[in-house]
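The values are calculated or read from the model by the stated rules, or taken from the named source; none is laboratory data. Predicted model, so just to flag it, every value in this text is computed and none were measured. Heads up, the Cβs are rebuilt from the backbone with ideal geometry, glycines too, and the neighbour counts pull from every protein chain shown.
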Amino acid sequence: MALRYYRVAGTLVNKTRSLQPYSGMTGYNGVIARLQQAISDPDVDGVLLDMDTPGGMVAGAFDCADIIARARDIKPVWALANDMNCSAGQLIASAASRRLVTQTARTGSIGVMMAHSNYGQVLKSQGVEVTLIYSGDHKVDGNPYEKLPKDVRGSFSVPYRCHPADVC
């Protein structure tokens, strides 16, 4: 059996210039391209994704997972947590035919995180007044110069509520 081995390491990002992990990052575009090469190669019987990532960007992650899910219907795709496979890494690994872990691996932690800082009072105390000039009702939602209203905070979590059921 010929198995194609691909390293998926570091922070996951939507696109990199390299198909291989590069400067501490792996691009979903590289994972997808390499996976498609392996699937179309008649000499390859399966793919092993050697995962060592804390996770990364949501942009591109679900598309990558969808392509892995389609590929596993053609050839087996294994995802090995070696030694970390968290957040977006766990998301794309969840689409594989089979998930494997080393004895000391850390996995899981699928979710999103966002931070909001309000610098308005600090700037005001320094004599700086910020004037936001904008068009559109929600263009400045979450800006760092005002307190974050509850309705705006709630709207930021809406996109996340759409996806957890997709992860199995």
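Scan (1) within 18 Å of the chain's Cα centre (by Cα); (2) farther than 27 Å from Met114 by Cα; (3) surrounded by fewer than 17 Cβ atoms within 10 Å (Cβ to Cβ) for the single condition Ala96 breaks and write down its number.
Unmet for Ala96, out of (1) within 18 Å of the chain's Cα centre (by Cα); (2) farther than 27 Å from Met114 by Cα; (3) surrounded by fewer than 17 Cβ atoms within 10 Å (Cβ to Cβ): (3).
Considering only segment 89-112, state which residues are assigned to a strand (DSSP E or B) and either touching a Pro at 6+ places or on another chain (Cβ under 6 Å) or not basic (Lys, Arg) (or both).
Quick first cut of segment 89-112, residues assigned to a strand (DSSP E or B) only: 98-101, 106-108.
Correct list: Leu100, Val101, Thr107, Gly108.
Any idea which of Asp41, Asp66, Asp52, Asp73 is among the acidic types (Asp, Glu) and crowded, with 16+ Cβ neighbours inside 10 Å?
Details: Asp41 fails: crowded, with 16+ Cβ neighbours inside 10 Å; Asp66 fails: crowded, with 16+ Cβ neighbours inside 10 Å; Asp73 fails: crowded, with 16+ Cβ neighbours inside 10 Å.
Selected residue: Asp52, the only one of Asp41, Asp66, Asp52, Asp73 that is among the acidic types (Asp, Glu) and crowded, with 16+ Cβ neighbours inside 10 Å.
Of all residues in segment 113-131, how many are under 27 Å from Met57 (Cβ atoms) and not hydroxyl-bearing (Ser, Thr, Tyr)? First the steps, then the outcome.
Of segment 113-131, the ones under 27 Å from Met57 (Cβ atoms) are 113-119.
Narrowing the set further to residues that are not hydroxyl-bearing (Ser, Thr, Tyr) leaves 113-116, 118.
Total satisfying the criteria: 5.
Which of the residues that make up segment 112-147 are modelled with pLDDT of 85 or more, under 30 Å from Gln90 (Cβ atoms) and either touching a strand residue (DSSP E or B) at 6+ places or on another chain (Cβ under 9 Å) or not acidic (Asp, Glu) (or both)?
Listed by number, the residues that qualify are Ser117, Gly142.
Tell me, yes or no, whether segment 149-167 has at least one residue that is acidic (Asp, Glu), at pLDDT 80 or above and outside any helix (DSSP H, G or I). Step through it out loud before you land on a result.
Initially, segment 149-167 is screened for residues acidic (Asp, Glu), giving 151, 166.
Filter once more, so that each one left must be at pLDDT 80 or above: 151.
If we keep only those that are outside any helix (DSSP H, G or I) too, we end up with none.
Checked segment 149-167: no residue is acidic (Asp, Glu), at pLDDT 80 or above and outside any helix (DSSP H, G or I).
Can you find a residue in segment 4-20 that is of a type in the set (Ser, Thr, Tyr), part of a helix (DSSP H, G or I), within 17 Å of the chain's Cα centre (by Cα) and assigned by TED's automatic domain parsing to the domain that holds Leu100?
For segment 4-20, residues of a type in the set (Ser, Thr, Tyr), part of a helix (DSSP H, G or I), within 17 Å of the chain's Cα centre (by Cα) and assigned by TED's automatic domain parsing to the domain that holds Leu100: absent.
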